[in-house]
Amino acid sequence: MKARFSYLFFLVSWISFLTPAMAQEKMPSYVLVIHGGAGTILKKNMTPEKEAAYKASLKKALETGYRVLQSGASSLDAVEATVKVLEDDSLFNAGKGAVFTHDGRNELDAAIMNGKTKAAGAVAGVTTVRNPITAARAVMEKSEHVMLVGPGADKFAKEAGLVIVDPSYFRTETRWNDLQRALKDDSIAALKTHVSNSPGKLGIKNRDYKFGTVGAVALDKQGNLAAATSTGGMTDKKFGRIGDSPIIGAGTYANNETAAISCTGWGEFYIRNVVAYDLSALMEYKGYTVQQAGKTVIKKVGDMGGDGGLIALDKKGNMTMSFNTEGMYRGSVTKDGKIEVFIYKD
Ligand code: ASP
């Protein structure tokens, strides 16, 4: 009798001990982190109006993603909705407001990845899809492929029923003027000289014609991670150039076991360093924290001569926003709804 009573007591104690722990397990904190591009963003070159406009846009994107996460929807839904807001905002180099190619076109790249299943989708060089991030998601969910490029990707998006626009929709005067400036100090001959004068470096003289790529990483109530990145690439890009953003493992990556990552910066260096996957691998194989891994990969990019930044979020909601440029448009919202947005280094 006594033995049975002690057993019962033991059982009840364990149940009351386990229940709160299990409840906590089931409800990881949900978080969303975004970026709107990295580069030489200096306070002295910024007007108060412009600064306020950027901050308001970042806040709007965070609020949108937060509402999605709060409703219990997936991190995938959250990153897509968030990036869509930034694509529709002409301040950023993604969707409307994308930079121009050498030939005066807007060619857009985007990628999305599901950290739970490691499913991924990407489009590159699209010219008619209003929201390239939605096209990337359609590639992931409605095709048997991971990456579609050029007219084929545009055709796929149309057949998938996405919103198609005339290419002129993406045009803004600011980006057009950026191209005119870039064209002035650009010629194949000048680039060749530049490349041969700086071995190991790349032939892009003014890296700051590329500002404003956008990205989002999120952790949802179910504990799943997702990442999304969208960009117009770099002003004056030629010959069908594609950057890191739509390349899974370079500019975009998500794995529930490690982190969700979205990069921005001089794409060629991000491709060569496989930055997003490298960050994940440092966590997986070396046990680095997300912050340590973020710092390490950005240093590698810098040591090679590249610049830029990244956002990353792990399954516990730990985040990092690392960059080696003067600034990076960035922000986060945590489970309690607290929104923070930053532009400069400090
Ligand atoms: N990484 C992008 C690219 O190289 C540009 C950027 O993030 O600013 O296409």
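Worth pointing out:
- Members of region 244-262 that are part of a strand (DSSP E or B) and either β-branched (Val, Ile, Thr) or within 16 Å of the ligand (Cβ to nearest atom) (or both): Ile248, Thr252, Tyr253, Ile261, Ser262
One line per residue, one yes/no per condition, for (1) over 20 Å from Gly215 (Cβ atoms); (2) within 22 Å of the chain's Cα centre (by Cα):
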| site | (1), (2) |
| --- | --- |
| Gly95 | no, yes |
| Phe100 | yes, yes |
| Asp103 | yes, no |
| Asn114 | no, yes |
| Arg137 | no, yes |
| Glu144 | yes, no |
| Thr174 | yes, no |
| Leu179 | yes, no |
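- The set of residues in region 130-182 being touching a strand residue (DSSP E or B) at 6+ places or on another chain (Cβ under 9 Å) and small (Gly, Ala, Ser) consists of Ala135, Ala136, Ala138, Ser143, Gly150, Ala153, Ala157.
- Cross-chain or 6+ apart pairs with Cβ under 7 Å, region 244-260 first and within 21 Å of Gly233 (Cα to Cα) and in contact (Cβ under 8 Å) with a residue 40 or more places away in the chain, then among the charged types (D, E, K, R) and crowded, with 24+ Cβ neighbours inside 10 Å: Ser245/Asp109; Pro246/Asp109; Gly251/Asp244
- Any hit, region 42-60, residues being within 16 Å of the chain's Cα centre (by Cα), buried (at least 24 other Cβ atoms within 10 Å of the Cβ) and either of a type in the set (Gly, Ala, Ser) or outside any helix (DSSP H, G or I) (or both): no
- Test: residue in region 107-114 that is of a type in the set (Gly, Ala, Ser) and either away from the ligand (no atom under 16 Å from the Cβ) or within 20 Å of Ala312 (Cβ to Cβ) (or both): yes
- Spans of helices (runs of 4 or more DSSP H) in region 79-192 with at least 2 residues surrounded by fewer than 23 Cβ atoms within 10 Å (Cβ to Cβ), modelled with pLDDT under 95 and of a type outside the set (D, E, K, R): 173-184
- Set Ile311, Ile343: member being within 18 Å of Gly115 (Cβ to Cβ) and either among the small types (Gly, Ala, Ser) or within 16 Å of the ligand (Cβ to nearest atom) (or both): Ile311
- Criterion (farther than 16 Å from Val99 by Cβ, touching a helix residue (DSSP H, G or I) at 6+ places or on another chain (Cβ under 6 Å), of a type in the set (Gly, Ala, Ser) and modelled with pLDDT of 90 or more) met by exactly one of Ala260, Ala216: Ala216
- For region 213-234, the set of residues classified as assigned to a loop (DSSP other than H, G, I, E, B) and near the ligand (Cβ under 10 Å from one of its atoms) consists of Thr213, Gly232, Gly233, Met234, listed by residue number.
- Selection within region 263-291 - among the polar types (S, T, N, Q) and in contact with a helix residue (DSSP H, G or I) (Cβ under 7 Å, 6 or more places away or on another chain): Asn273
- Pick from region 37-65, criterion under 17 Å from Ser262 (Cβ atoms) and touching a residue at least 60 places away in the same chain (Cβ under 8 Å), ranking: nearest to the ligand (Cβ to nearest atom): Gly37
- Pairing residues of region 264-280 that are over 13 Å from Gly309 (Cβ atoms) and more than 11 Å from the ligand (Cβ to nearest atom) with residues that are assigned to a helix (DSSP H, G or I) and not β-branched (Val, Ile, Thr), at Cβ distances under 9 Å and at least 6 apart in sequence or on separate chains, gives Arg272/Met304; Asn273/Lys300; Asn273/Met304; Val274/Ala281; Asp278/Ala293; Asp278/Lys300; Ser280/Ala293.
The values are calculated or read from the model by the stated rules, or taken from the named source; none is laboratory data. Just so it is clear, the model here is predicted, and its values are computed rather than measured. With ideal geometry, Cβ positions are generated from the backbone for all residues, glycine too; neighbour counts draw on all protein chains shown.
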